[in-house]
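These notes are about the structure you will find just below.
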There are 2 protein chains.
Amino acid sequence: MKLDPKFRYVDHVGIVVRDLHTAIAEFSDVYDLEVELEEEIASFNVRLAFLQCRATDQLTTIQLVQPLGPGPLSDFLDDHGEGLHHVCFAVEDIPLTLGCLQGEGESRIFRGGRGRNACFLANRPSGITIELTEVSD
Amino acid sequence: MKLDPKFRYVDHVGIVVRDLHTAIAEFSDVYDLEVELEEEIASFNVRLAFLQCRATDQLTTIQLVQPLGPGPLSDFLDDHGEGLHHVCFAVEDIPLTLGCLQGEGESRIFRGGRGRNACFLANRPSGITIELTEVSD
């Protein structure tokens with residue numbers, strides 16, 4: 001089957017937090033979101049949690065990210081405090097999509113959350129950090 | 001049918017932009033998102049566009065917001081520049097949901113984008129501005 005380079009859907013919204021368990025408690029206790037997965041991504045020195053609305057069959061999740069040490073996310077926390085960090089779109093094949101994006105150079109593809117290949121785009125339209133995640137569903 | 005107070009799904013991610021048409025052009029030309037709707041919300045003094053991934057049956061959209069004059073969104077632009085502003089969750093009934101959220105006071109319900117009732121929550125977990133939008137689907 002021919003792969004499609006288009007953005008398929010908004011996979012998640014990434015939120016940088018100071019303490020993952022405090023943030024998980026608030027989002028689950030107060031807003032009743034359900035924790036799908038919690039994991040550490042060693043290459044990025046972060047701990048992640050993905051939270052999902054309970055009353056949905058939709059795929060878009062909230063990703064909470066706690067920096068575990070120095071790095072770009074720790075720098076973000078120092079500069080901006082906790083808050084919205086990026087929007088991630090699901091694609092079928094990252095190199096294919098990158099090849100179709102005007103003005104995008106090479107981006108480092110890494111093993112991101114949920115064992116998926118991912119990358120951050122170099123361009124930041126309207127100041128937005130965009131991540132791509134590769135999905136097969 | 002009994003209404004459910006839970007957050008149903010991520011309805012949209014709100015991005016404050018300086019110029020709506022420049023931002024629409026970038027998101028549609030470069031990232032191939034499709035403009036679903038463009039409209040002015042007089043009560044908020046903003047112009048909005050909702051953009052959707054083309055290769056999806058998912059409901060989460062990207063909302064671009066240009067302030068048209070003084071107001072909280074214009075203040076945001078002055079303080080932070082363009083960027084991610086809020087996450088909006090779809091609910092069935094805003095007053096019902098507000099009544100179930102611990103520690104939330106009253107929020108002003110207004111006629112938001114796409115003719116729907118909406119409100120911003122007073123509490124900002126992890127520094128996040130949360131909007132609710134009322135959907136019947």
Inset, instruction - Output the number of residues of the range A:19-30 satisfying the condition of being within 7 Å of another protein chain (Cβ to nearest Cβ) and of a type in the set (A, V, I, L, M, F, W, C). - result: 3
Inset, instruction - Could you tell me which residue of the range A:89-101 is nearest to residue A:13 (Cα to Cα), considering only residues that are more than 10 Å from every other protein chain (Cβ to nearest Cβ) and not acidic (Asp, Glu)? - result: A:94
Legend entry - Pick from the range A:36-51, criterion touching a Ser or Thr at 6+ places or on another chain (Cβ under 8 Å) and surrounded by fewer than 17 Cβ atoms within 10 Å (Cβ to Cβ), ranking: farthest from the other protein chains (Cβ to nearest Cβ): A:45
Legend entry - Hits in the range B:52-106 - residues which are farther than 26 Å from residue A:129 by Cβ, surrounded by 15 or more Cβ atoms within 10 Å (Cβ to Cβ) and among the charged types (D, E, K, R): B:92, B:93, B:104
Inset, instruction - Kindly establish whether residue A:33 is open to solvent by 10 Å² or more (accessible area, probe 1.4 Å) and within 11 Å of chain B (Cβ to nearest Cβ). - result: no
Inset, instruction - Return a yes/no flag: does the range B:15-31 have any residue that is more than 24 Å from residue A:83 (Cβ to Cβ), in contact (Cβ under 8 Å) with a residue 24 or more places away in the chain and among the acidic types (Asp, Glu). - result: no
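Yes/no matrix, rows are residues, columns are (1) at pLDDT 95 or above; (2) assigned to a strand (DSSP E or B); (3) over 13 Å from the mean Cα position of the chain (by Cα); (4) among the hydroxyl-bearing types (Ser, Thr, Tyr):
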position: A:1; (1), (2), (3), (4): no, no, yes, no
position: A:23; (1), (2), (3), (4): yes, no, yes, no
position: A:55; (1), (2), (3), (4): no, no, yes, no
position: A:63; (1), (2), (3), (4): yes, yes, no, no
position: A:70; (1), (2), (3), (4): no, no, yes, no
position: A:84; (1), (2), (3), (4): yes, yes, no, no
position: A:89; (1), (2), (3), (4): yes, yes, no, no
position: A:99; (1), (2), (3), (4): no, no, yes, no
position: A:103; (1), (2), (3), (4): no, no, yes, no
Legend entry - Output for the range B:110-126, where each listed residue is surrounded by fewer than 15 Cβ atoms within 10 Å (Cβ to Cβ) and either among the hydrophobic types (A, V, I, L, M, F, W, C) or under 23 Å from residue A:16 (Cα atoms) (or both): B:110, B:122, B:124
Inset, instruction - Take residue A:118 and decide whether it is of a type in the set (A, V, I, L, M), within 10 Å of another protein chain (Cβ to nearest Cβ) and either farther than 22 Å from residue B:63 by Cα or free of Cβ contacts under 8 Å to residues at least 12 places away in the same chain (or both). - result: no
Legend entry - Scan of the range B:1-18 for residues that are touching an Asp or Glu at 6+ places or on another chain (Cβ under 9 Å), more than 9 Å from chain A (Cβ to nearest Cβ) and surrounded by fewer than 17 Cβ atoms within 10 Å (Cβ to Cβ), ordered by number: B:3
Inset, instruction - Kindly check whether there is at least one residue in the range A:110-133 that is outside any helix (DSSP H, G or I), within 11 Å of the chain's Cα centre (by Cα) and among the acidic types (Asp, Glu). - result: yes
Inset, instruction - Could you please find all residues in the range B:89-115 being in contact with an Asp or Glu (Cβ under 7 Å, 6 or more places away or on another chain) and touching a residue at least 60 places away in the same chain (Cβ under 8 Å)? - result: B:89, B:90, B:91, B:92, B:93, B:113
Legend entry - Breaking point among (1) more than 10 Å from chain B (Cβ to nearest Cβ); (2) free of Cβ contacts under 8 Å to residues at least 40 places away in the same chain, for residue A:67: (2)
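The values are calculated or read from the model by the stated rules, or taken from the named source; none is laboratory data. Everything quoted here is computed from the prediction, not taken from an experiment. In this analysis, Cβ positions are derived from the backbone assuming ideal geometry, glycine residues included, and neighbour counts consider all displayed protein chains. Keep in mind that these areas ignore ligands, DNA and RNA; they rest on the heavy atoms of the full protein, side chains included. Shrake-Rupley method; radii C 1.70, N 1.55, O 1.52, S 1.80 Å.
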